[in-house]
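Contents: one structure, followed by commentary.
Just so you know, all these numbers are worked out from the coordinates, no wet-lab data involved. As the structure is a computational prediction, the values presented were derived from the model and not from experiment. Note that each Cβ is placed from the backbone with ideal geometry, even for glycine, and that neighbours are counted across all protein chains shown.
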Amino acid sequence: MEKLKQRWGIDSNIQIILILIVFSVTGSSSVFLAKPFLGAIGLVRESFSSAWWGGAIYVILRILVIFPIYQVLLVAFGWLFGQFKFFWNFEKKMLSRLGLGFLFK
C-alpha cells in the first residue's frame, strides 16, 4: 500500500479506497452508457451486416464511444468522491501520453 500511496502522491488509505471505487464505478458506467448513446444516434447492432465483420465494426464503434465517455465520467466521479485533483492530473497525464496533451495548454 505504501508504494501505491507514494506513486500516486496521496496520504491515506481512505484515498486509495475512494480512487479504486471511482475507477470501478466509472468503468461500469461508461460501458452502461455507451449502448443507449449509440442507439440515440442510430447506430444499433441490427443496422450492421449480420456477417462477422458487421459485429466487429459495431464493437469497434462502441469502444470508440466508450473512451470519451470514460474520460468525462472519470473526472466527474472523481469530483463527486472528493478526489478531483488526483483524477484531473491523471487525465492530463493519460491524454498527453496518447498525444492529446495539446488540449490542456
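With helices as the sole contributors, the chain gives -25500 deg cm²/dmol at 222 nm; each DSSP H run of n ≥ 4 counts as -39500 (n - 2.57), and the sum is divided by every residue.
Give me the percent relative contact order of the chain, please, defined on Cα pairs under 8 angstrom at least 6 residues apart.
The value is 26 percent.
The calculated FRET efficiency for the pair LEU20 and TRP53, based on their C-beta separation and a Förster distance of 35 Å, comes to about 0.40. For the chain, the equivalent ellipsoid derived from the alpha-carbon gyration tensor has semi-axes of 33, 15, 12 Å in decreasing order. Taken about its Cα centre, the chain carries a charge dipole of about 280 debye when Lys and Arg each add +1 at the Cβ and Asp and Glu each add -1 at the Cβ. Here the range 1-48 is assigned +1 on the Cβ of each Lys and Arg and -1 on the Cβ of each Asp and Glu. Its dipole about the Cα centre then comes out at about 100 debye. Which of the lysines could be linked to LYS35 by a straight reach, that is with a Cα gap under 16 Å, when you skip same-chain ones fewer than 8 residues away? In chain and number order, there are no partners.
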